[in-house]
Amino acid sequence: MSRPLHGGNLAWAAALAGCPLSLILDFSASINPLGPPQSAIAAIQAACDRLSAYPDPSYSSLRQSLANYHHLNPDWVLPGNGSAELLTWAGRELAQLEQTLLLTPAFGDYGRAMQAFSGSVRPYPLPIATNSQSLDAAEALAGCLSLTEQSSNQLGLLLNNPHNPTGLLFSLESLRPWLERFALVVVDEAFMDFLPPTEQQSLIDLVPEYENLVILRSLTKFYSLPGLRIGYAIAQPERLQRWQQWRDPWPVNVLAEAATQAILADTEFQARTWAWLPPARAQLYNGLTALPGLTPLPGAANFLLVECQRPVEQVQAKLLQHAQILIRDCQSFPELGDRYFRVAVRTEAENQRLLMTLAEVL
């Protein structure tokens with residue numbers, strides 16, 4: 001079985017560890033360990049009697065729920081089969097431009113979406129300074145300025161915020177100038193939900209103001225529903241109408257539709273997640289910092305990027321074989337190679353189990 005390109009490949013991990021899938025403690029996929037919420041489970045069970053009918057092809061009710069959540073008109077929202085499906089259509093639009101600027105290291109599916117339509121990508125490496133324990137978001141973006149001085153009307157920009165895999169959070173004000181410089185700006189906000197509303201730096205409120213802005217959102221990470229596949233795009237209605245014409249009918253099943261409408265109203269689960277993450281992330285960060293040969297990078301999301309003085313492939317294998325713990329190697333990020341790994345933030349007990357096992361392995 002070949003090495004996975006994404007986190008969460010439990011079949012590969014179980015084969016390497018020589019154990020059942022159920023025994024793997026997964027730190028490789030950045031999924032909320034508090035879920036799925038009971039509201040989602042109850043909604044799925046209640047919707048089972050709808051399986052004999054096709055979903056509403058226009059998803060009117062679902063779009064209205066998502067629009068209400070963001071105080072938008074439903075014409076500005078398009079649900080999809082995970083944000084990955086919607087990224088495909090964003091890639092088709094970006095591929096029509098001369099080039100797309102991509103901040104690297106970058107989520108591997110960005111390259112997949114661009115290659116699918118023969119798009120041209122211009123990588124711009126972020127300065128990852130784990131040794132100084134800091135990475136300034138404004139500085140990182142300022143370095144891109146010289147790349148956009150010419151032909152900006154034919155350039156696209158694709159980035160995620162918070163950034164994966166560094167965890168860097170770009171401020172709304174640092175991103176706003178880019179909306180004037182690029183023909184199309186696609187911002188993947190898959191991890192933005194992990195920040196409380198007062199700390200979020202989302203560009204959603206700017207979409208009505210900028211025709212060239214597209215926001216992608218995922219509901220599978222925050223609500224721990226990656227197997228259900230649900231995400232949505234926010235953009236100007238004309239753009240979303242094109243996407244609707246390009247894709248297959250009924251991309252969102254009735255169970256995902258029902259679960260989405262339930263979790264958007266689950267304020268208790270949202271508050272519990274926002275209360276859990278900061279202390280659990282601090283515990284994991286401090287514990288990793290204390291281990292010899294490891295340097296974690298501070299992050300704003302529910303994962304941490306860690307520089308490692310030993311080959312990560314060896315560390316990953318030992319963690320699986322000795323303790324059935326899976327971490328995310330970064331070999332799919334060419335800029336990082338075999339000296340970085342990424343770990344999700346899990347419960348404090350699970351974080352402590354990882355830290356203790358890493359101490360033994362290292």
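Amide hydrogen proximity for T100: with H placed 1.01 Å from N in the peptide plane, the residues at 5 or more positions away or on another chain lying under 5 Å are S120, V121, R122, G156.
Relative contact order for region 217-281: what is it in percent, counting Cα pairs under 8 Å that are at least 6 residues apart? Can you show the working numbers first?
Values: 24 pairs, mean separation 17.8, N = 65.
Relative contact order here is 27 percent.
Per DSSP H run of at least 4 residues, take -39500 (n - 2.57); add these up for the chain, divide by its residues and hand me the 222 nm value, nearest 500 deg cm²/dmol. Helix-only estimate at 222 nm: -10500 deg cm²/dmol.
Taking Cβ atoms as reference points and 12 Å as the exclusive limit, the residues near R50 contribute a net charge of -3, counting Lys and Arg as +1 and Asp and Glu as -1.
Around Y340, with a cut-off of 14 angstrom between Cβ atoms, what is the net charge of the other residues, counting Lys and Arg +1 and Asp and Glu -1? Don't skip to the end; give the middle numbers.
Values: positive: R310, R328, R339, R342; negative: E307, E313, D329, E335, D338.
Cβ neighbours under 14 Å give a net charge of -1.
Could you tell me the calculated FRET efficiency between E180 and F117, based on Cβ-Cβ distance and R0 = 25 angstrom, to the nearest 0.05? Step by step, r from the Cβ atoms, then E = 0.50.
Pairwise Cα separations in region 38-264 fall into 5 Å bins from 0 onward with the following percentages, short to long: 1, 7, 14, 19, 20, 16, 11, 7, 4, 2, 1, 0. 3J(HN,Hα) along region 98-112: 4, 7, 10, 7, 10, 6, 10, x, 9, 3, x, 5, 5, x, 4 Hz, from the Karplus curve 6.51 cos²θ - 1.76 cosθ + 1.60 with θ = phi - 60°, whole Hz, x for Gly and Pro. Local charge for R310 was computed over the other residues whose Cβ lies under 11 Å away, with Lys and Arg +1 and Asp and Glu -1, and equals -1.
Among D329, D56, what is the fewest-to-most ranking by other Cβ atoms within 10 Å?
Values: D329 24, D56 14.
With the fewest neighbours first, D329, D56 line up as D56, D329.
Extension gain for A42 to A359 (0.36 nm times residue separation, less C-alpha to C-alpha distance): 110.1 nm.
Ranked by the mean number of other Cβ atoms within 10 Å of their residues, highest first, the peptides 23-32, 313-322 come out as 23-32, 313-322. Simple rule: put +1 on each Lys or Arg Cβ and -1 on each Asp or Glu Cβ in the chain, find the dipole, and look at S60, T104, C330; the Cα lying farthest toward the positive end is C330. Arranged from fewest to most other beta-carbon atoms within 10 Å of their beta carbon, T198, T104 become T198, T104.
List the relative contact order of the chain as a percent without decimals, with contacts defined as Cα pairs under 8 Å and 6+ residues apart. Before the final figure, lay out the partial values.
Details: 655 pairs, mean separation 90.1, N = 362.
That works out to 25 percent.
The simple spin-label model puts a point 7 Å past each Cα toward its Cβ; for T198 and R272 those points are separated by 2.3 nm.
Here the extension length gained between L21 and Y210 equals 63.5 nm, from 0.36 nm per residue of separation less the Cα-Cα distance. At full extension, Q154 and E238 could sit 28.3 nm farther apart than now, given 0.36 nm per residue minus the alpha carbon distance.
Taking other Cβ within 10 Å of each residue's Cβ, how do R353, R217, R63 sort, fewest first? Write out the running numbers ahead of the final one.
Working: R353 16, R217 27, R63 21.
Listed from fewest to most nearby Cβ atoms, that is R353, R63, R217.
The antiparallel fraction among DSSP beta bridges confined to region 38-264 stands at about 30%. Between the alpha-carbon centers of region 52-115 and region 201-275, tell me the distance in whole angstrom. Comparing the Cα centres of region 52-115 and region 201-275, I get a distance of 8 Å.
Where a number appears in this text, it was derived from the coordinates with a stated rule and is not lab data. All figures in this text were calculated on a predicted structure; none of them were measured in a lab. Every residue, glycine among them, receives a Cβ derived from its backbone with ideal geometry; neighbour counts consider all protein chains shown.
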